[in-house]
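Working notes, structure below.
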Amino acid sequence: MNTALLSEIQAKKDQIRKLEREISRLENAEFISDSEKNEDNLYELIFRQMQDAYILVDSDYLYIDSNINAKKLFRELYDFEKGQRITENMYSLFSDGADDCWLGNSYYEKKVVKIKKDNRVMGYAMLLDDDTDLQTKVLEKTLHIQLVQDSIITGMASVVESRDNSTGGHIMRTKKVVQIFAEKLLDYTEEFGISIEFLRNVVKSAPMHDIGKIAVDDVVLRKPGRFTDEEYQKMKAHSGAGAEMLKKILSEVDNREFVTIAVNVAGSHHERWDGKGYPKGIKGEEIPLEARIMALADVFDALVSKRCYKEAYGYDRAFRIIEEGTGTQFDPSLVPLFIECRKKLEKLYDEMD
Ligand SMILES: [Fe+2]
């Protein structure tokens, strides 16, 4: 976040703290009746200083007073008389317990304070501080940061792709496969104990699954044909290397759930359900769910795509291989759901041809 925005947030915080001090003075002050009001300049002072919209009601939510900013916000207040019942809308703002709200297109920080006298609640004051500009800026910045992050991710992924000539388009295709699979898993969030946010993060992480290939020697990476054992070992190092790289690259990212998922996807997408995968040989649910999801998308794409060592397999053959991998290579609870995506996946690949 840039310094101008940070100092603006700091200024807002200072303003809020100042306001809170004023509120606590108001709370501690005796509840001031109309006749006393003129004599007590504290109330006047606080009230005049309020840049916020301010509405005061008694303990039955009957109207007492409001300032000009509140009247601009709720035009009906211009005609309100003391003792009048406030509108439903105002009442819900007083009582919903939220500390912010949108009114029209504006975002307000909201504070409702009890006015007490001799430990009895005499009324309530509501303060609404227009934070629209700040909120908009924060949203814009967040969006910008996300866009930058996404383009860095896509950029890094295409660096890998440009070096690894055997897999043309694999990275973006697997992202689309994960996307389709994630849409299916949306109906099973409870069963898997996951959230929509989790699935969104898996999709976002997918293009980085092979990022560790940056660390693999060109001779190995670009070799047409099958690897020797030694070359295969070097190639296998890409998943662990990818996880380590992402930990460093994403260390400043605030969204830690995303970082964990991205690291797990890169680090564990070659693990197998039966423990015979790499790099750690972990098995079953020890393998993070996001990596088990990625594994299916990764293998499926490799099967239906042409590689230098093989032709593209037909859908029947590819899905049969996936099904045969149930409980050995793949999570048995995921495979049937992946197969249910067949129609959409075929459409995706047919349209790409
Ligand atoms: Fe990989």
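The values are calculated or read from the model by the stated rules, or taken from the named source; none is laboratory data. Quantities reported herein were computed from a predicted structural model and do not represent experimental measurements. Positions of Cβ are backbone-derived with ideal geometry, glycine not excepted, and every protein chain shown enters the neighbour counts.
Some notes on this structure:
- From D164, D150, residue being modelled with pLDDT under 75, charged (D, E, K, R) and assigned by TED's automatic domain parsing to the domain that holds N255: D164
- Filter result for K111 (surrounded by 14 or more Cβ atoms within 10 Å (Cβ to Cβ) and of a type in the set (K, R)): yes
- Residue match in the stretch 136-153 (condition: touching a Pro at 6+ places or on another chain (Cβ under 6 Å), closer than 19 Å to V265 by Cβ and not β-branched (V, I, T)): no
- Boolean, E290 is crowded, with 22+ Cβ neighbours inside 10 Å, within 16 Å of the ligand (Cβ to nearest atom) and part of a loop (DSSP other than H, G, I, E, B): no
- Every residue from the stretch 327-353 that is closer than 16 Å to V299 by Cβ and of a type in the set (K, R): R342
- Helices (runs of 4 or more DSSP H) within the stretch 181-268 that include 2 or more residues within 16 Å of the ligand (Cβ to nearest atom) and among the basic types (K, R): 229-249
- The single condition among (1) surrounded by 14 or more Cβ atoms within 10 Å (Cβ to Cβ); (2) farther than 15 Å from S59 by Cα that G97 does not satisfy is (1).
- Going through (1) surrounded by 13 or more Cβ atoms within 10 Å (Cβ to Cβ); (2) assigned to a helix (DSSP H, G or I) one by one, A312 falls short only on (2).
- The set of residues from the stretch 296-326 being closer than 27 Å to E191 by Cα and out of contact with any helix residue (DSSP H, G or I) (no Cβ under 8 Å at 6 or more places or on another chain) comprises R320, E324.
- Test result for K306, without any contact (Cβ under 8 Å) to a residue 24 or more places away in the chain and away from the ligand (no atom under 14 Å from the Cβ): yes
- In the set (1) surrounded by fewer than 20 Cβ atoms within 10 Å (Cβ to Cβ); (2) more than 18 Å from the chain's Cα centre (by Cα); (3) touching a residue at least 40 places away in the same chain (Cβ under 8 Å), the condition left unmet by W273 is number (1).
- The stretch 194-243: number of residues that are of a type in the set (S, T, Y) and more than 30 Å from K184 (Cβ to Cβ): 2
- Odd one out for W273, checked against (1) modelled with pLDDT of 90 or more; (2) within 14 Å of the ligand (Cβ to nearest atom); (3) assigned to a loop (DSSP other than H, G, I, E, B): (2)
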